[in-house]
Structure formats: C-alpha cells, structure tokens
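First the structure, in the form of structure tokens, and then the observations on it.
The values are calculated or read from the model by the stated rules, or taken from the named source; none is laboratory data. If you're wondering where the values come from, they're calculated on a predicted model, not measured in any experiment. Every residue, glycine as well, gets a Cβ built from its backbone with ideal geometry; the counts of neighbours run over all protein chains shown. When the accessible area is computed, the model is the full protein with side chains, heavy atoms only, and any ligands, DNA or RNA have been set aside. Shrake-Rupley method; radii C 1.70, N 1.55, O 1.52, S 1.80 Å.
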Amino acid sequence: MDTIASIFSFITTPVSWVIVQFHSVYGALFGPDTGWAWGLSIVSLVILIRICLIPLFVKQIKATRAMQTLQPEMKKIQERYKNDKQRQSEEMMKLYKETGTNPLSSCLPILAQSPFFFALYHVLNSIASNDTVGVINERLLESAQKAHIVGAPLAAKFTDSSSKVEALGASLTDVRVVTAVMIVLMSASQFYTQRQLMTKNVDTTVKTPFMQQQKMLMYVFPIMFAVFGINFPVGVLVYWLTTNVWTMGQQMYVIHNNPTPGSKAQSAYLDRLDKRVTHHGGTRGRGERAIVKAIVAKGRDRNEYERKFINGLTKAGLAAQADGTVVKSEVTTVAETEDGAPATSTPKRQQPKRQSKSRRQSGGTQGGASGAKTTGDSGEKTSLSKSDGPQDAKPAGGKSASGGKPASGGKSASGGARSKAQSGRKGPQRPKSPSKK
C-alpha cells in the first residue's frame, strides 16, 4: 500500500493544502488539536471531491444503462462467435463504436478519486511516521498526532502494535474497537449500495450475465473492504466511510427520481408521477417533462410500466404530448393494450340475443293475433268478433269469412289454425259448437 501511495505523491501537496484550509476553519470552532477539527476536514475533503466528480457520475449512470441495453446484442454475438474469440472481440468493439458506449465509463468515478484516496493515505501514513508532508509542517504534524476520533488517533491502524499505538497516546483496545466498527459500517454501506442497485434499479425484463456479475460483486466488494480496511489508518477509514455514504445517498436520489427503464424503481416512480400529474392536471418541472417526453417518443416500444402510465392518464381524461407536457383530452382518447397495440375506450355494440325456433314461431303467432286486434275507429272488434277485413286465400277445407258457414270441410278464421293433418282431410266436417269457441 505504501508503494502504491508513493506513486501518487505528486498530488499529495494539493490534498494536504485542502485539508489544512478546512482545518483552519474547523480549528477555530472546535480547537486546532481536536479530532473534530481534523475529522471534519477529511469529511469536507471527500464532499469537495465528490461534488467535482458529479459530471463523471452522470456519465457513469448513462454508460451503465447503455451497457444494460446492449446486453441482449452482446449475448447474441457471444453465441454466434463462441468458437472465434478474435471475431467476437471485433464485433464487440464494432457494437460499442456504433452505439457510442464505453465499458470503462462505469468505472470513471472510482478511477478519478483513486489518486486522492492514495494521496490521503500517504499524508496520514507520514503523520504516523512523524514525517512532514506537503504543506503540513512540524506544528501541524504535532497537532494532527494529538487528534483522536472517539479515542483512536487519525494515523492508527487495526494491525498496529500496542507500542506504536501508545506512542500516539491511545490504547490498543480503543483503536481496534473504533476501526472494527468503522470497517463494518464501511462494508455494510457498500453492500446496501450494491443491493439497492440490483433489487430496485435493474431492468427485470432482460435476463443477462451482467446481472449475475453485479450480484457477485454485491458480495465481493464488502469482503474486499473488510480485508483491506484493517490496513487503513483511521483517517482513511473516515474518508472511505464518508464516500460510501455519499455514494449511497447519491444513488438513492437517482433511483428515486431517474430510475432505469423496466425496473421496479421505474414502476414506483411512474405511480407517483401519475398521481401528481392527475392531481395538478399537468407536469411540473423540467425533469417530469423529460420523463414524459421520453415515454411518448418510445411509441410501441414502451414497457409495461410505461403503458400503464399512459393508460392511467387516458382514464383520467389527460393526454401526454410529444414535448413532455400533459393536457386535458377533449376527444375520445385511445388507450393501449398490454402488447402496445391501440385499443379504443368506446364500448362495443351489443349484439341482439338469438331466439330459438319455438320463440320465433310463438312470437309470430302473437304478432298475428295482435294484428287481428288492431285498433281503428269506434267500431273496434273484440277478440271474439270475426274480422270484417279481407282474408287471404285459404286452402280447401277452410271456412268463408263473410258467411261464417263452413265450406267443404273448412273452419272459420276466428276458430284458430288446425294442424295440417286435420285441415287437409277431405269431405264435409261438422262445425264446432259455440261452447268450444
């Protein structure tokens, strides 16, 4: 570790200068020789560095999402050229070039802050060795050696001997308890950061080897921090714990406000956005408009959460526009089905129920009977009266409508229809008695 730190000794002077400037401010508040003054100086150094790295962090987020999008294509290339590693590498590089992605972009924040980390390690190690470094002179060196954080000197390590710890004015038990607690917190914060990335901010619709790699790193990184942490000075542990907490909070903010498409975090975000847009009748802020604009631009390529969001606006009488705004819809809107195809919200026309043959016949008979009972002037006939109107021609065996006399084997029209077998019989038939009518 000392050899690696010496490689970055060129940045030791700027790092020590920043620490001294923060120490002069906090020393006036808490005292120049206190652990608060030196500890808060290290914390402020971390915050300053991470603020400067925010553009790289944004680039890291974009690169990570681009790599997640390319995972299916990368898998196809690996399967197609699994026996030709050189051709596989060429196709991968071609894919990166066409899409404008860089796999190393996701590591930029870690690589960028590595020089500051090793420079701080070199400064604290020089303080433990009673050597001046950078702009830290003998007076500041003596003040830093007296500074203790919860009983542990800034330059003390978990693996230091009791004699070395006593030379710094502390006990070995205090040093090991403090360093152990800080190592556990550092590993736990790293594990939680990686876990929330895997469980909330990963596209669950695409199963790729990239997800398995991230799951493996979720357990590997905390173990690495625990192993290397026992060789870090207390001041470096303060630095690394602070940067882990910053990363965790920064990632929580990104997941909450700009989640990965297709992830559980996007589902929760779009539910919240739907409620806000429905309540206010439109989008509020540039961030919300950017999200809605991106969803509208996808068209049929929207995932299930985005289709659910658009359908929710449709049911509320709102319509998302191409510029990201949401307006009230004055016409019949079109919703989307689960597969992205448009489906009109107008209900389908109900088809009439199909009647059976017996119902149709009975309906026809009732219709004929009701036709015979049609109302006219004051001389309306009752159901027992004979019709005065002209009747259709009846087959042989019917009765005349005017005379009421039975024809050759026939019957009156008001007597009702007889079966075909009876109406078709030959010869004269005796008329029914009036009691049977």
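First select every other residue whose beta carbon is under 10 angstrom from the beta carbon of residue 109; then total the charges, Lys and Arg +1, Asp and Glu -1. Provide the component values of the computation, followed by the final result.
Working: positive: 50, 59; negative: none.
Computed value for this residue: +2.
Could you sort the peptides 259-267, 131-139 by per-residue average Cβ neighbour count (10 Å cutoff), highest mean leading?
Per-residue mean Cβ counts within 10 Å order the peptides as 259-267, 131-139.
Once amide H atoms are built 1.01 Å from N in the peptide plane, which residues 5 or more positions from residue 149, or in another chain, come under 5 Å H to H?
It is 154, by chain and number.
Averaged per residue, what accessible area in Å² does region 251-329 show with a 1.4 Å probe, protein chains only? Display every interim value, and only then the final one.
On the way: 4270 Å² over 79 residues.
Here the residues of region 251-329 average 54 Å² of exposed surface.
Highest mean first, what order results for 219-225, 119-125 on Cβ atoms within 10 Å? If you can, show how the numbers build up before the last one.
Numbers: 219-225: 15.1, 119-125: 25.1.
Result, highest mean first: 119-125, 219-225.
Full extension from residue 142 to residue 173: what is 0.36 nm times the residue separation minus their Cα-Cα distance, to one decimal in nm? Kindly include the intermediate steps, with their values, before the conclusion.
Details: separation 31, 0.36 × 31 = 11.16 nm, distance 2.29 nm.
Here the segment from residue 142 to residue 173 would lengthen by 8.9 nm.
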